[in-house]
Amino acid sequence: MVGRLLARGMVAGILAALLSFVFAKIFGEPQVALAIAFEAAQDAAAGAAPEPEMVSRGVQASWGLLTAVLMYGAAYGGIFAIVFAFSYQRLAALSPRSMALLLAGIGFLTFVLIPDLKYPPNPPAVGQEETIALRTEMYFAMVGLSIAISMISLSVGRALSNVMGYWNATVCSIVLGLVLVAAVQFGLPDINEVPDNFPAVVLWRFREASIGMQVVLWSVLGLVFGALAEKCLPSPNGAMRKTA
């Protein structure tokens, strides 16, 4: 079963990546182009020579972006399928579609929304070379803490469900998660390197496009994988569904 789910997860991930690539081309690439133009103008005003391009901008915005997104989608789809198989055996009360959507929502919150609230993505021309290591370390620390918060909240909610009921336990786990997220947000250092004269609209729209791309990726992954997984999992009466 795991092998069939893994294949379906990769298919769902690739489809989700293709749609997120289209979203990024429409909404994200124009903001990246504006940010690069701003950076070039700043360098020209300072009399600095432009840095040589290792990969042309045309390749970065087309085949380079598509290749990266497809690899990202296939990898996430495969991991998503493995986590689904592990979770579905322990939460059989949920249907495959419901389980897939639940996991997609948790994945988006854990790997995207919570880390980005503290360290949002920035376009070119935002950031300093000497702080790259610090920014990378802090971002991955935020991702790790976000995973820990999700696991703690889910474990507490599951433990309380037998005592308080499903609804009250869910509310308690959500409140606990919010408190832990707030504590982590205040505990980690802020990194603010946006130039004073950088266009606020470009920054805001770039971050909107980045979040939107992830919304598309995780939403499609959950919806498509749930539909595909349902065809190879046992129905409630124990019989196998028709395999696609």
note = Going through region 134-153 in order, the residues found to be farther than 11 Å from Phe111 by Cα and touching a residue at least 40 places away in the same chain (Cβ under 8 Å) are Leu134, Arg135, Met138, Ala141
message = Taking the condition of being exposed (fewer than 14 other Cβ atoms within 10 Å of the Cβ) and under 14 Å from Leu145 (Cβ atoms), how many residues in region 179-206 meet it?
response = 6
query = Taking only pairs six or more apart or across chains, which ones have beta-carbon atoms under 9 Å, a first residue in region 1-29 that is over 14 Å from Leu217 (Cβ atoms), and a second residue that is open to solvent by 70 Å² or more (accessible area, probe 1.4 Å) and among the β-branched types (Val, Ile, Thr)?
reply = Val2/Ile82; Arg4/Thr243; Leu5/Ile82; Leu6/Ile82
key: Residues of region 169-197 satisfying the condition of being in a helix (DSSP H, G or I) and free of Cβ contacts under 8 Å to residues at least 12 places away in the same chain   = Val171, Val175, Leu178, Val179, Ala182, Ala183, Phe186, Gly187
remark   = Reported set for region 77-97 where residues are open to solvent by 70 Å² or more (accessible area, probe 1.4 Å) and at pLDDT below 80 is Gln89, Arg90, Leu91, Ala92, Ala93
request  = Looking for whichever is assigned to a helix (DSSP H, G or I), over 20 Å from Gln214 (Cα atoms), open to solvent by less than 70 Å² (accessible area, probe 1.4 Å) and not aromatic (Phe, Trp, Tyr) here; the options are Gly157, Gly107. Which one fits?
outcome  = Gly157
ask   = Does region 105-119 contain any residue that is farther than 23 Å from Val220 by Cβ and among the charged types (D, E, K, R)?
value = yes
ask   = Which one of these is among the small types (Gly, Ala, Ser) and modelled with pLDDT under 85: Gly144, Gly165?
value = Gly165
ask   = Do we have Ala35 as touching a Gly at 6+ places or on another chain (Cβ under 6 Å), part of a helix (DSSP H, G or I), of a type in the set (A, V, I, L, M) and at pLDDT below 90 here?
value = no
request  = For Val215, indicate whether it is part of a helix (DSSP H, G or I) and either free of Cβ contacts under 8 Å to residues at least 24 places away in the same chain or open to solvent by less than 40 Å² (accessible area, probe 1.4 Å) (or both).
outcome  = no
remark   = Given (1) assigned to a helix (DSSP H, G or I); (2) touching a helix residue (DSSP H, G or I) at 6+ places or on another chain (Cβ under 7 Å); (3) open to solvent by less than 60 Å² (accessible area, probe 1.4 Å); (4) touching a residue at least 60 places away in the same chain (Cβ under 8 Å), Pro121 misses just (1)
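The values are calculated or read from the model by the stated rules, or taken from the named source; none is laboratory data. This is a predicted model, so every value here is computed, not measured. Virtual Cβ from ideal backbone geometry, glycine too; neighbours counted across all protein chains shown. These accessible areas exclude ligands, DNA and RNA; they are computed on the full protein's heavy atoms, side chains included. Shrake-Rupley method; radii C 1.70, N 1.55, O 1.52, S 1.80 Å.
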